[in-house]
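The values are calculated or read from the model by the stated rules, or taken from the named source; none is laboratory data. Because the structure is predicted, anything quoted here is derived from the model rather than measured. Neighbour counts are summed over all protein chains in view; Cβ atoms, including those assigned to glycine, are modelled from backbone coordinates with ideal geometry.
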Amino acid sequence: MSEKNRLNDAKLLCPVCGKRLLLEGGSLRCMEGHCFDVSRQGYVNLLPGRGAFYPMELFRNRRFVFDRGFYAPLLEKMQLLIERYVKAEKPVLLDAGCGEGYYAGNLFKNGNWIKTAFDISREAVQLGAQRYEDVAFIVADLKRIPLPDHSVDCILDVLTPADYTEFSRVIKKNGCVLKAIPGEGYLKELRTLAKDQLRSGPYESDRVKDYFALHMQCVRRDRITYTLPVTQEEARAFARMTPMLQRVDVEALDLGGVTEITIDMELLVGKKKR
Ligand SMILES: C[S@@+](CC[C@H](N)C(=O)[O-])C[C@H]1O[C@@H](n2cnc3c(N)ncnc32)[C@H](O)[C@@H]1O
Ligand SMILES: [Zn+2]
């Protein structure tokens, strides 16, 4: 798909005036003359001037781990769930807080989906745009999604904060949100190792699930858990790819004993509350 089609199909709105942005030359422009350049890699920054949220190194390590297939079973499960809940003819997927783009890039490959992905971290969006050509990548904030009301069939929210008022505005009447949250076993081998350095308590998944149920009609809950062997190089990449260990001195961890890693994720499907 050409860059032009991809960015125009995304139906992006100007973050300044809210009018539709259309591609003209190498930029997206609205009727009021606000202008946002398409980067060399093909993404558009709708939050210019914003500083780094997470370092590039975190996203490179995420990509390394994704490329080794550790999240492939989760991806497969997500695809099945979305197929079950989305029946539109030319469906629109929005990956909110997409990171380096693994899910948007690998779901519905070669299908008729319109795929848009955004993140507040420019570093992440850069990586995504370099690799996944059938996805429109944007730097944007999930508190102000630059898309029209009722325009999305499925919002993906994987290990990312959520704004359900904004999500409900953007999804179609029968659209859904697929939220992935870490279960208590998620990366437990690393969290156990780092527990003396971790200042925050365990991830409060009950609170996150209650908050989801307060704002969305939860129509399905699934759990996916598996443990896979890792090399030392992979264990190190896992330790560097998760914001859970962001304040931990990874060099000081004795990763020698980490020979396997557990992925434990809960998947919630929510529809708009009536
Ligand atoms: C743990 S990462 C998950 C990224 C991706 N979904 C994945 O699973 O690889 C959380 C992501 O949320 C993004 N994020 C945090 N707050 C955000 C916001 N307000 N708007 C958009 N993205 C945000 C971060 O930059 C980061 O890429
Ligand atoms: Zn404008």
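Report yes if some residue within the stretch 136-153 is of a type outside the set (S, T, N, Q), at pLDDT 95 or above, surrounded by fewer than 23 Cβ atoms within 10 Å (Cβ to Cβ) and under 30 Å from V230 (Cα atoms); otherwise report no. Taking every residue of the stretch 136-153 in turn, none turns out to be of a type outside the set (S, T, N, Q), at pLDDT 95 or above, surrounded by fewer than 23 Cβ atoms within 10 Å (Cβ to Cβ) and under 30 Å from V230 (Cα atoms).
Checked against (1) assigned to a helix (DSSP H, G or I); (2) of a type in the set (A, V, I, L, M, F, W, C); (3) away from ligand 1 (no atom under 14 Å from the Cβ), F108 passes all but condition (1).
Applying the selection to the stretch 80-105, what residues are surrounded by 15 or more Cβ atoms within 10 Å (Cβ to Cβ) and in a helix (DSSP H, G or I)? Matches in the stretch 80-105: L81, I82, Y85, Y102, Y103, A104, G105. So, of the residues in the stretch 1-52 that are crowded, with 16+ Cβ neighbours inside 10 Å and among the small types (G, A, S), which turns out to be nearest to G128 (Cα to Cα)? Restricting to residues being crowded, with 16+ Cβ neighbours inside 10 Å and among the small types (G, A, S), the top hit is G42. Determine, yes or no, whether L75 is surrounded by fewer than 20 Cβ atoms within 10 Å (Cβ to Cβ), in a helix (DSSP H, G or I) and within 14 Å of ligand 1 (Cβ to nearest atom). Yes, satisfied.
The numbered conditions (1) within 8 Å of ligand 1 (Cβ to nearest atom); (2) under 22 Å from E76 (Cβ atoms) are all true for A124 except (2). The set of residues in the stretch 22-58 being touching a Pro at 6+ places or on another chain (Cβ under 8 Å) and in contact (Cβ under 8 Å) with a residue 40 or more places away in the chain consists of L46, L47, Y54, L58. The residues of the stretch 230-274 that are touching an Asp or Glu at 6+ places or on another chain (Cβ under 9 Å), charged (D, E, K, R) and farther than 30 Å from G175 by Cα, listed by number, are R240, E260. For the stretch 147-161, give me each residue that is more than 21 Å from V44 (Cα to Cα) and within 15 Å of ligand 1 (Cβ to nearest atom). Of everything in the stretch 147-161, those that are more than 21 Å from V44 (Cα to Cα) and within 15 Å of ligand 1 (Cβ to nearest atom) turn out to be C154, V158, L159, P161.
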